[in-house]
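A.B. asks: Below you will find the structure I want to go over with you.
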Amino acid sequence: MLLMGCLACAASAVALADFRAESLAANGLAPTPPMGWNSWNRFGCNISETIIRSQADALVSSGMRDAGYVYVVVDDCWHGERDAAGNIHADPARFPSGIKALADYVHGKGLKFGIYSDVGDLTCQHRPGSRGHEYQDARQYADWGVDYLKYDWCDAGTLDAASAYETMARALRATGRPIVFSICEWGKNKPWLWAAASGGNLWRTTEDIFDGWEGKQGISLSVLEILDAQPGLEGYAGPGHWNDPDMLEVGNGGMTEDEYRAHFSLWAMLAAPLMAGNDLTSMSDAVRRILTNREVIAVDQDRLGVEGHRAARNGDLEVWVRPLEDGARAVVLLNRGHQSAHAMLEWSMLRLPDYLPLHIRDLWRHANRPDATSHLAIELPPTSAVMLRVVPARPAGAAHDRR
């Protein structure tokens, strides 16, 4: 049933792409969800080349680069003015050395460099957008050494989203430089239906995230609000084109350690881009351990590229399942509520027979649980999750993976 549902979603996306005769072929980038760091969630407009360089340094010294975080993305507010020829320049007070020098510094750390712009005349923070300057800006980004562009949707007016994003995608490709294209359209025009055909490697599915477990903050959404918007979108994601539930809030102080682990687990299940958004220079050991958990990251980066789905829900308890390339399944048991609860994983939720014994790996404890048959019961603390990797047991005497 899951496979049929995914195939139906994919068929719908293909049909739409075929309808748009000028749709773009895949650019070969982002075979797994991009990983890195973005300035917005922690710093907003309070950015400078000094801050970005210090974050790049910390991405390396913390072990995050070696865990897979490679993009350093400067979000809104880097912009200065356009010159008489229309060329965009960095804010000279915040970035006195210029963007190319900053990109060179980031590249010198073994990292990749990302930048931000907008489809409109102005960005969300009223800096110069790229409307009417798409090819000019794309050439400038390529000359600077940009590897990733986050492209926002403010001041869009009556623009057609698919066409506006395709214009910039074509501009990026015309430069000859491989630049990952991140479509930040907030899900307003159902980008999962058209964004891949418009040249996107990832596309936002909702409004912005805020650092909270539940509820809303203005138009911004909590972890659970964003999570609830994802079921039904899984068939549109895959290698080179990913649903993006927005950047990580891990370490920004608004949630508990359990909630941050759950947040990170669920984003890995969603095959989401893992873009850290905390101050890397001052993060605690607990936050670093969450962000560098390689067993969880391996689920996010699984090359099969199938996004996880909600397999069961009973009140505050949920089970999320994701098939993996080697035949294993990743599982998250989630307690959304504020009381401890008894969670149950039944093999039927995995579409496996009850009699089949499973090896079970706890990805946060970094330990194997006893093999089980038919079901697994776990007590979950409030607002927390357990993340497992399960694989059918092999016959006695056969070698098997107990990682």
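A.B. asks: Looking at 325, 307, 379, 318, which is the one that is in contact (Cβ under 8 Å) with a residue 60 or more places away in the chain and either assigned to a strand (DSSP E or B) or not basic (Lys, Arg) (or both)?
C.D. replies: On the way: 325 fails: in contact (Cβ under 8 Å) with a residue 60 or more places away in the chain; 379 fails: in contact (Cβ under 8 Å) with a residue 60 or more places away in the chain; 318 fails: in contact (Cβ under 8 Å) with a residue 60 or more places away in the chain.
Matching residue, one of 325, 307, 379, 318: 307.
A.B. asks: Every residue in segment 67-98 that is part of a strand (DSSP E or B) and aliphatic (A, V, I, L, M), please.
C.D. replies: Of segment 67-98, the ones part of a strand (DSSP E or B) are 71-73, 79-82, 88-90.
Of everything in segment 67-98, those that are part of a strand (DSSP E or B) and aliphatic (A, V, I, L, M) turn out to be 72, 73, 88, 90.
A.B. asks: Also: Can we say residue 248 is over 18 Å from residue 189 (Cα atoms) and not assigned by TED's automatic domain parsing to the domain that holds residue 319? Give the derivation first.
C.D. replies: Working: over 18 Å from residue 189 (Cα atoms): yes; not assigned by TED's automatic domain parsing to the domain that holds residue 319: yes.
Against the criterion (over 18 Å from residue 189 (Cα atoms) and not assigned by TED's automatic domain parsing to the domain that holds residue 319), residue 248 qualifies.
A.B. asks: Given the conditions (1) surrounded by fewer than 24 Cβ atoms within 10 Å (Cβ to Cβ); (2) in contact (Cβ under 8 Å) with a residue 40 or more places away in the chain, which single one is not true for residue 198?
C.D. replies: Failed condition: (1).
A.B. asks: Taking the options 192, 186, 213, name whichever one is under 26 Å from residue 336 (Cβ atoms) and not in a loop (DSSP other than H, G, I, E, B).
C.D. replies: On the way: 186 fails: not in a loop (DSSP other than H, G, I, E, B); 213 fails: not in a loop (DSSP other than H, G, I, E, B).
Unique residue meeting the criteria: 192.
A.B. asks: While we're looking at this one, here's another question. Could you say which residue among 182, 130, 220 is of a type outside the set (Val, Ile, Thr), in the same structural domain as residue 249 (by TED's automatic domain parsing) and under 22 Å from residue 82 (Cα atoms)?
C.D. replies: Working: 182 fails: under 22 Å from residue 82 (Cα atoms); 220 fails: under 22 Å from residue 82 (Cα atoms).
The unique qualifying residue is 130.
A.B. asks: Considering each of 299, 332, 287, 390 in turn, give the residue that is touching a residue at least 60 places away in the same chain (Cβ under 8 Å), crowded, with 21+ Cβ neighbours inside 10 Å, part of a helix (DSSP H, G or I) and on the phi < 0 side of the Ramachandran plot.
C.D. replies: Details: 332 fails: part of a helix (DSSP H, G or I); 287 fails: touching a residue at least 60 places away in the same chain (Cβ under 8 Å); 390 fails: part of a helix (DSSP H, G or I).
Sole residue among the options that is touching a residue at least 60 places away in the same chain (Cβ under 8 Å), crowded, with 21+ Cβ neighbours inside 10 Å, part of a helix (DSSP H, G or I) and on the phi < 0 side of the Ramachandran plot: 299.
A.B. asks: Can you name every residue in segment 244-273 that is of a type in the set (A, V, I, L, M), surrounded by 22 or more Cβ atoms within 10 Å (Cβ to Cβ) and closer than 21 Å to residue 365 by Cβ? Write out each step before concluding.
C.D. replies: Filtering segment 244-273 for residues of a type in the set (A, V, I, L, M) gives 247-248, 250, 255, 262, 266, 268-272.
Applying the additional criterion that residues be surrounded by 22 or more Cβ atoms within 10 Å (Cβ to Cβ) yields 247-248, 250, 262, 266, 268-272.
Answer for segment 244-273, where residues must be of a type in the set (A, V, I, L, M), surrounded by 22 or more Cβ atoms within 10 Å (Cβ to Cβ) and closer than 21 Å to residue 365 by Cβ: 250, 262, 266, 268, 269.
A.B. asks: Can you pull out the residues in segment 193-208 that are more than 17 Å from the chain's Cα centre (by Cα) and among the aromatic types (Phe, Trp, Tyr)?
C.D. replies: 194
The values are calculated or read from the model by the stated rules, or taken from the named source; none is laboratory data. Note that the coordinates shown come from a computational prediction; the quantities given were computed from them, not determined experimentally. Cβ: placed from backbone, ideal geometry, glycine included. Neighbour counts: every protein chain shown.
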